[in-house]
Amino acid sequence: MKFTTHFEIETIKKPLDHHDRVVLMGSCFSQNICDKLSHYGFKALVNPFGVIFNPYSLMLLMKKSIYGDFSMDDVNGNFSYLAHSDLNAANASEVLIQLQDAGQVLKKHLEKASHVILTLGTAWIYELQKTGQIVANCHQQPQKLFSKRLLSIREMEEALQRIEFLIKKVNPAAQLIYTLSPVRHTKDGMVENARSKARLHEAIQQSCDGRDPYYFPAYEILMDELRDYRFYASDMIHPNATAVDYVWLRFRESVLHQNTVNAIKAIEKHQKLAGHKPKDIEAHALHVEQSRRQLLSKFPYLQL
C-alpha cells in the first residue's frame, strides 16, 4: 500500500558538480537549497540583496547589477525599496554603497556561474502610489503608501525573458534553473496564494517549455508527493527540516552529477563528526581538522 504519490523528475541536461559555481536568488526557499549546497562543499552565492519574492524585482536587481546602475534615486533614507530589509544602514549614502557592493558581487558571480537558480515566491506586488514603483519589500512603511495587485502572466513572462537575456549577456554558458517556492503566502489569503502560485507556475513553464531553462519541481514535491502538515514547521507555512532534506534528495537525483556521489558520502561522514558534542573539546577539534584535511586531500576542489 502506498501512502505517498511518487513521481519521476526529468534529469537536467547540464548536471551540477563540485567544480561548478552556483548563484541562487529569490524566495527564502533558495536559502534552504544554498544551505545544502554549502554544507556539501559546493561553491554557492545566495541573495546578495536579501530574500526577494517577486520576479519583477529579481529582474530589476539583476539589471542594475549588471549595468552598474544603482544611484541615490534607489535609496529611501536608511533602506531601499529594491532590496530586503537585511540591506540597511545608518544613512542613505551607506545604503547606496551596500547596493553597489551587492551589485558588484552579484555581477562577478554571474560571470563565473555554471548554474543560476531562481526561486519565485509570489506574484503579488506592492506599488508605491506616489510613483507606481514596484517594491521588493515594504520595509514596514504605512500600508496607505502602497497599492497591491497581482502581476499578470505576461508581465512575469517578460521579466523572466529579461532575466534570461541578462544572464546570457554576461555568461552565455550558464544553466538557468527555476523553482517555485513551496512556502505558502497565507497572509495574502488562501485563494489569493493559489492564484499567485498558478500564475508563477505558468510563467515559469512558458519560459522552460522547449527551451534551455530547467524546472525543478520543489513545489510539486511538497504539495503532491509529501502532502502532509507533518512536513511543515510550527507555523504551518514553511517546510520543516525533514521536508527540506527530502527535497534535497530529489534535487541530488535530478540536478547533481553522478561524480559527486563519493564526495557527498565523505562529506556526510565529516560533517557528522564535526557536529558531535565531545567531552574533550580540544581533542575533538584536532580530530575534525584532521578529517577536513584528509577530505580536501582527496577532493581538493571542495569548498569547506
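The values are calculated or read from the model by the stated rules, or taken from the named source; none is laboratory data. Keep in mind the model is a prediction, meaning the values are calculated, not measured. Every residue, glycine as well, gets a Cβ built from its backbone with ideal geometry; the counts of neighbours run over all protein chains shown. Please note that ligands, DNA and RNA were not included when accessible areas were found on the heavy atoms of the full protein model with its side chains. Shrake-Rupley method; radii C 1.70, N 1.55, O 1.52, S 1.80 Å.
Do we have any residue at all in segment 251-260 that's farther than 30 Å from I163 by Cα, under 21 Å from the mean Cα position of the chain (by Cα) and of a type in the set (D, E)? The answer is no, given that none of the residues of segment 251-260 is farther than 30 Å from I163 by Cα, under 21 Å from the mean Cα position of the chain (by Cα) and of a type in the set (D, E).
Of all residues in segment 1-32 being open to solvent by less than 10 Å² (accessible area, probe 1.4 Å) and of a type in the set (V, I, T), which is nearest to S65 (Cα to Cα)? For segment 1-32, the residue satisfying everything is V23. When only residues in segment 49-83 that are of a type in the set (S, T, N, Q) and not in a helix (DSSP H, G or I) count, which is farthest from K168 (Cα to Cα)? Selected residue: N78. Reported count of residues in segment 269-304, each being in contact (Cβ under 8 Å) with a residue 24 or more places away in the chain, over 17 Å from L37 (Cα atoms) and in contact with a Ser or Thr (Cβ under 6 Å, 6 or more places away or on another chain), is 0. The condition (being in the same structural domain as L58 (by the TED database), modelled with pLDDT of 95 or more, assigned to a strand (DSSP E or B) and within 18 Å of S30 (Cα to Cα)) is satisfied by just one residue among V105, V116: V116. Would you please name the residue that is most open to solvent (accessible area, probe 1.4 Å), looking only at residues in segment 111-137 that are under 19 Å from D74 (Cα atoms) and either touching a helix residue (DSSP H, G or I) at 6+ places or on another chain (Cβ under 7 Å) or in contact (Cβ under 8 Å) with a residue 24 or more places away in the chain (or both)? Among those that are under 19 Å from D74 (Cα atoms) and either touching a helix residue (DSSP H, G or I) at 6+ places or on another chain (Cβ under 7 Å) or in contact (Cβ under 8 Å) with a residue 24 or more places away in the chain (or both), it is Q129. Filtering D74, D69, D101, D86 for residues that are buried (at least 17 other Cβ atoms within 10 Å of the Cβ) and of a type in the set (D, E) leaves a single hit, D74. Screening the candidates A159, A194 for the property of being of a type in the set (A, V, I, L, M, F, W, C) and either part of a loop (DSSP other than H, G, I, E, B) or without any contact (Cβ under 8 Å) to a residue 40 or more places away in the chain (or both) yields one hit, A194. Screening segment 216-304 for helices (runs of 4 or more DSSP H) wholly inside it with 2 or more residues that are more than 20 Å from T4 (Cα to Cα) and either of a type in the set (D, E, K, R) or assigned by the TED database to the domain that holds A44 (or both) returns the ranges 261-274, 281-298.
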